[in-house]
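This report refers to the structure that appears directly beneath it.
Quick note: the coordinates plus some simple rules give every number you see, no bench work behind them. Please read these numbers as outputs of a predicted model, since none were measured by experiment. Here Cβ is always computed from backbone atoms with ideal geometry, including for glycine, and neighbour counts include all displayed protein chains.
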Amino acid sequence: MAKRKKSKKSHSSSKFLSYIAWALALVALVLSSILIGYYIGYSKAEKTIEKKQEKVVQNRKLPSKPKVKKVSVNKQLQEVLKNESKSYNSASHEIDNEALANPPKVPLKEVKLYTTKPKLAIIIDDVQTASQVRAVKSLHLPLTMSFLPPRAARPNSAKLAAKEKFYMVHMPMEAMHFNKEEPYTLRVNESQQEILQRVAEIKKLFPKVAYINNHTGSKFTSNEVAMNRLIFALNKYHIHFIDSRTTAQTKAPKVLRNFGLKYVARDVFLDHHMDKPYILGQIKKAIAVAKAHGTAIAIGHPHKNTLEALYESKKLFAKDVDLVLINKVY
């Protein structure tokens, strides 16, 4: 049988396809070369740029870190307390034991939910001098100053109080254990007439007084007879009693209830210890009591660390409570 000859047309098509395949392979090779070249060039350029940036950073002077400003008390407060601080080694003379510095375990007020901002009143006890008054007022906070009655060493307390729109009197009362007693301290063995006379003298010295709290007084306030005599005398002159709560055995709640009066007492003692971190912690406790009960009363002294702690707590007061005078929480 004769062999069939391949057609010329088929042979031409095969050659054409081969050419196309070679052409595509060549194009692919060219593209690959371009891409490899681009990648190598880009890497080299990137490294060059990085090296230049490193040199710039090395040659450039790094900016110094911004200085953090320390919280500083205003100059006026620092100035007026230079000498006053020396007179306070401790404020612990006010109370019988350390546990009393904190809020009582049994709440004095019923726990409720309050829709208004809680109120906190801070009493500054032992105010006696012009520099102490200036120091307290330089804070520009509504703090209630409680003035000690005049004595030979500090005779101007009543005159200083007379210049204030609102103040309290910090009346000295007999303590269980206290050596540095103030003159004219009220004692448990004094008669009704003697106590009436002393309250009359206080009213004459401090005509605007409407509130008094006890200075020391752990022995006096724990004596029911003495407290009955005091509240009787204060009622005569329309003066309210605020218990500094210097003893757990205070008879003030019972006596005031018998007179049909409201019992009002200090919740937190700010400066039983005089170091600032402790005082700042006590301020937070006072705010916590106010938030839990709607109101709270704290007591401190015109000591440098106490006033600085109050100054540094301004933002905290503004955020969490209404800081008010004592007549707004009574």
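Ranking LEU120, LEU141, LEU100 by Cβ neighbours within 10 Å, fewest first, what do you get? Placing the least packed residue first, the sequence is LEU141, LEU100, LEU120. Amide H contacts of THR295 (H built 1.01 Å from N, in plane; Pro and chain starts excluded): LYS119 sit under 5 Å, all sequence-distant by 5 or more or on other chains.
Of the chymotrypsin sites (Phe, Trp or Tyr not before Pro) found in the stretch 116-218, those in coil by DSSP whose Cβ has at most 15 other Cβ atoms within 10 Å are PHE166, TYR184. Sorting ASP271, ASP243 by the number of Cβ atoms found within 10 Å of their own Cβ, with the fewest placed first, yields ASP243, ASP271. The overall shape of the stretch 101-245 is oblate: from the C-alpha gyration tensor, with semi-axes ordered a ≥ b ≥ c, the ratio a/c is 1.5 or greater and a/b is no larger than b/c. As a proxy for reagent exposure, PHE241, PHE232 were ordered by neighbouring Cβ count within 10 angstrom, fewest first; the result is PHE232, PHE241.
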